[in-house]
Protein chains: 2
Amino acid sequence: VTAAAAPSVLAKAAIVAVGSELLETTKVDTNSLFITEQLNAVGIDVVSKHVAGDDRAVLTHVLRSALAGVDLLVVCGGLGPTDDDLTREAVAEVLARPLAEDAALVDQLKRRYASRGLSVPMPLNNLRQAMVPAGGVVLDNPNGSAPGLWMDHGAQAVVLLPGPPRELKPMMRELAGARLRPRASGVAIVRRMLRISGRFESHIDQALHPLYEEWAAASPPIAATILATLGQIELHLSVRHASREQGAAMLERATAQAVGVIGEDVFSTDGRRLEEVVGDALSSRGLWLAAAESCTGGLVTSRLTDVAGSSRYVGTSIVAYANEAKTSLLGVPEALLAAHGAVSEPVARAMAEGVRSRAGADLGLGITGIAGPGGGTPEKPVGTVAIALASSDRTDARTFRFFGDRELVKFQASQAALDMVRRHLRAE
Amino acid sequence: VTAAAAPSVLAKAAIVAVGSELLETTKVDTNSLFITEQLNAVGIDVVSKHVAGDDRAVLTHVLRSALAGVDLLVVCGGLGPTDDDLTREAVAEVLARPLAEDAALVDQLKRRYASRGLSVPMPLNNLRQAMVPAGGVVLDNPNGSAPGLWMDHGAQAVVLLPGPPRELKPMMRELAGARLRPRASGVAIVRRMLRISGRFESHIDQALHPLYEEWAAASPPIAATILATLGQIELHLSVRHASREQGAAMLERATAQAVGVIGEDVFSTDGRRLEEVVGDALSSRGLWLAAAESCTGGLVTSRLTDVAGSSRYVGTSIVAYANEAKTSLLGVPEALLAAHGAVSEPVARAMAEGVRSRAGADLGLGITGIAGPGGGTPEKPVGTVAIALASSDRTDARTFRFFGDRELVKFQASQAALDMVRRHLRAE
């Protein structure tokens, strides 16, 4: 790549996330997911991702090698005011451009600092954020002090964005629309995801095999990947198409084919999570749901209320962790608890019916199980969960055996409970 | 680096995760967190991390550049039997070693396949997993068919591990103990994390400044990083020490110094999350907590019940999303709701007192707010949350303004509520 070449179509990108905390044992880079979404939408493919710490030599090496072979390099993080923030310097070195203070940026930083009304003068270090490599274009950051930077480098382009997601996201969105779309091929990668419950990955894989072949032979071909995640299977479809609409139409047909094969186990074809699907089904029917949660400890209701507008169908839930709560608040007979144990279908049924009538809801969920690590027995090992759903005319109950630790059991139980509601509403 | 050099101390590592799904918009590499933990424990530093898809040219480029400048390259994923699994071929190319079928591995694969009792003969593709680069040492995979590989490459070492975490983790653990520890410096990176509530990052930074200087001057120096995460600030301390015990003792002293400066805003010095800290405080005092949750929708109780043993202090909670639920289940007077609105300190107080008495608990939490996106007003914008804590002799209430979308507001409200309980128990 020579610095003299004319700008070309941006087709391939690499992403570098900068920050020593991303090399420790608890933090992963998630900014690249949003960046990828925005790039894919205008037809730019991400071919590699990298993380480098706040070490000038390593960062320079990673930037140089990430830049080789791509049209666009997106770097996020390391643009703050401290001595640890080395992205500007490292990029300037890799692109062989001197850094210089940008007068407009200095003004802007001073005004921003003054508006905070602090008594101490602005630390000199803040001026680092006004340093711009020669030929760099400043990208406004409406939510923070670190500006972004855009540099054309021969046929390539390099973009620097701040690391905090609430600063990065609006800037990346603006960038994709204003600067990247006109330079990209427009052959967008259109994606679609189907979410499936109640089946094993291998079953889905087998059932879809004839479709895989048909999709691979299509023009342009449709790529399909199956991923098993906690409590659900995801089918990812994608196609590269010069027309976003026609690409979307191809995936619409492929989605219908997959649903034809898999049936009602497909619970989402448009990115909605299970709690949204259930919420929409309740809302459109004007029904209220109440949950009596024991082992899930409020997780089912918390997931339902993650959805905007959930106050239209969730009014009341009761977390009855203790047996006394099951008796006093839900009306579960003590004799039932004594006869079957708290983790049993009869108790789940009584909880579902109890919360339904006490909350004056249309549907009542009862969930009781052993989340672990303690409390398991040979007959009812950790992971045993009984779930019941009560409606005006019937109560259904099922017993599940989930694997994994406490949080995994809780999540799978909440997923199974929401899926029971979904299937009930579908069958109605 | 020449291939003839003698093996040296392994000090710096790079990690490459292979798989096109890691370049899409939903999945992040998390294997590297566990790998980093294991490497750090024997004194190996991770200087960069990389993700490459199932593309031979890109993968080769990424492997080559990741290997440059490190002593150890850990590659995970892409070792399966399909044509998409290119890690073996790419590594063989980068190290310039021919691949050859390993007779023992062929036998092992055949035996493994036969033991599954399938009627179809083993697909020939499976033999790809028996290909070993010249000089490669096979690493047993007790949980899957793809073996790992170890290659000495001059003074460097390259390790290939399968991608599925349940296969990778035991192999990485074995590798760290058996092959890496003897080759590493043994100067382990010891880490400690303090979690802090109720302060701004900049305040903490300022308060700790004298300590930073003292720590940097220590021998060996203690590194400190502050990270603002949702609803809390984290202070990460680390030190490289030939003696794990002495390193830990240095961090123990540094932790005590930081707590001396920051005070009771430090809620955790041993990795415990806020719900664990609150749970332990309740449990050790033999107290029961009940929550009346409106805008948090069960999240506070769900977080509390994520902790094993929480049935010792959580018996009952009530999610009172609707006003009728607040009145009928919690006894909040309708007049109070009418006079102050559902999102108000008087209503939060009545909810806290109501759930405390109805659940027969020692402490009652009342949480009512506007999670958004709808429901905000000029006086009570989205993010306004009133939280009250009732005990036998008093009820305290506070109003917060949280930023961000619905899920962020819910989380911050749950964090503030748990922190009120923590501070109350501390003050007792």
**Asked** Looking down the axis that turns A into B, which residue of A has the closest beta carbon, and how many Å out?
**Response** A:298, 1
**Request:** Output ³J(HN,Hα) for region A:123-136: one whole-Hz value per residue in order, computed from phi by the Karplus curve 6.51 cos²θ - 1.76 cosθ + 1.60 with θ = phi - 60°, and x for Gly and Pro.
**Result:** x, 4, 3, 4, 5, 4, 6, 9, 7, 10, x, 3, x, x
**Request:** Calculate, for residue B:272 and residue B:114, the FRET efficiency according to 1/(1 + (r/R0)^6) with r their C-beta to C-beta distance and R0 41 Å; round to the nearest 0.05.
**Result:** 0.25
**Item:** Beta bridge orientation in region B:271-428: antiparallel %, DSSP, nearest 5
**Value:** 60 percent
**Asked** Applying the Karplus parametrisation 6.51 cos²θ - 1.76 cosθ + 1.60 with θ = phi - 60° to the phi angles of region B:166-176, what ³J(HN,Hα) value in whole Hz is obtained for each residue in order, glycine and proline being reported as x?
**Response** 6, 8, 5, 4, x, 5, 5, 5, 4, 4, 4
**Asked** What are the radius of gyration and Dmax of chain B, computed over its Cα atoms and given in Å?
**Response** 27.7, 85
**Complete:** Between residue A:284 and residue A:57, the two model label points (7 Å from Cα along the beta-carbon direction) sit apart by a distance in nm of 6.1 nm
**Complete:** at residue A:399 the sorted inter-copy label distances (label 7 Å from Cα on Cβ side), in nanometres, are 5.2
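Quote the relative contact order of region A:1-120 in percent (integer), defining contacts as alpha-carbon pairs under 8 Å separated by 6+ residues. Present the calculation step by step, with values, prior to reporting the outcome.
Working: 147 pairs, mean separation 34.0, N = 120.
That works out to 28 percent.
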**Asked** Going down the table (A:110/A:169; A:49/B:169; B:27/B:49; A:169/B:27), which pairs top 21 Å between alpha carbons?
**Response** A:110/A:169; A:49/B:169
**Request:** Pop out the ³J(HN,Hα) list for region A:290-300 in order, Karplus 6.51 cos²θ - 1.76 cosθ + 1.60 with θ = phi - 60°, rounded to Hz; leave Gly and Pro as x.
**Result:** 10, 10, 10, 10, 9, 5, 7, x, x, 5, 4
**Item:** Residues along region B:21-48 losing 40 Å² or more of accessible surface when the other protein chains are present rather than the chain by itself (probe 1.4 Å)
**Value:** B:23, B:24, B:25, B:26, B:27, B:28, B:33, B:47
**Fill in**
For residue B:257, placing the label point 7 angstrom along Cα-to-beta-carbon and taking region B:197-237, residues whose amide nitrogen sits under 16 Å are B:205-226, B:235-237
**Prompt:** Roughly how tilted is helix B:201-217, in degrees to the nearest 10 and between 0 and 90, from the longest Cα axis of chain B?
**Reply:** 50 degrees
**Request:** Could you pull the copy-to-copy label distances for residue A:312, with points set 7 Å along Cα to Cβ, in nm to one decimal and sorted shortest first?
**Result:** 4.5
**Request:** Starting from the amide H of residue A:153, placed 1.01 Å from N in the peptide plane, find each other amide H under 5 Å away whose residue is 5 or more places distant or on another chain.
**Result:** A:158
**Prompt:** Which of these, A:244, A:111, A:166, has the largest mean-square fluctuation under a Gaussian network model of chain A (Cα springs below 10 Å)?
**Reply:** A:111
**Item:** Dimensionless Rg over Rh [the protein assembly as shown; C-alpha; Kirkwood]
**Value:** 0.97
**Fill in**
Excluding residues fewer than 8 positions from residue A:12 in its own chain, the aspartates and glutamates with Cα under 17 Å of it are A:37, A:45, A:71, A:152, B:21, B:24, B:54, B:55
**Prompt:** How much FRET efficiency would the formula 1/(1 + (r/R0)^6) give for residue A:84 and residue B:245, where r is the Cβ-Cβ distance and R0 is 22 Å, rounded to 0.05?
**Reply:** 0.15
**Request:** Taking H placed 1.01 Å from N in the peptide plane, check which residues at least 5 places from residue B:54 or on another chain put their amide H under 5 Å from its amide H.
**Result:** B:19, B:20
**Complete:** homo-copy label distances at residue B:155 (7 angstrom along Cα-Cβ), nm, one dp, ascending, are 3.8
**Prompt:** Against the longest principal axis of chain A, how steep is helix A:345-359, in degrees 0 to 90 to the nearest 10, with axes from Cα atoms?
**Reply:** 80 degrees
**Request:** Provide the percentage of antiparallel DSSP beta bridges, counting only those with both residues in region B:224-354; round to the nearest 5.
**Result:** 60 percent
**Request:** Check cross-link reach from residue A:380 to the lysines: straight Cα distance under 17 Å, and skip same-chain residues fewer than eight apart.
**Result:** A:410
**Message:** Can you give me the angle between helix A:103-114 and the longest principal axis of chain A, using Cα atoms only, in degrees from 0 to 90, rounded to the nearest 10?
**Reply:** 40 degrees
**Item:** Sequence ranges B:178-184, B:399-405, ranked by mean other-Cβ count within 10 angstrom, highest first
**Value:** B:178-184, B:399-405
**Asked** How much of the accessible area of region B:129-194, probe 1.4 Å, is carbon plus sulfur, in whole percent?
**Response** 53 percent
**Prompt:** How much accessible area is lost when chains B and A come together, counting both sides, with a 1.4 Å probe, in Å² rounded to the nearest 100?
**Reply:** 5000 Å²
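The values are calculated or read from the model by the stated rules, or taken from the named source; none is laboratory data. Keep in mind that this is a model prediction, so the values were computed, not measured. For neighbour counting, all protein chains shown are included, and Cβ atoms are generated from backbone atoms with ideal geometry for every residue, glycine included. Calculation scope for accessible area: heavy atoms of the full protein, side chains included, ligands and nucleic acids excluded. Shrake-Rupley method; radii C 1.70, N 1.55, O 1.52, S 1.80 Å.
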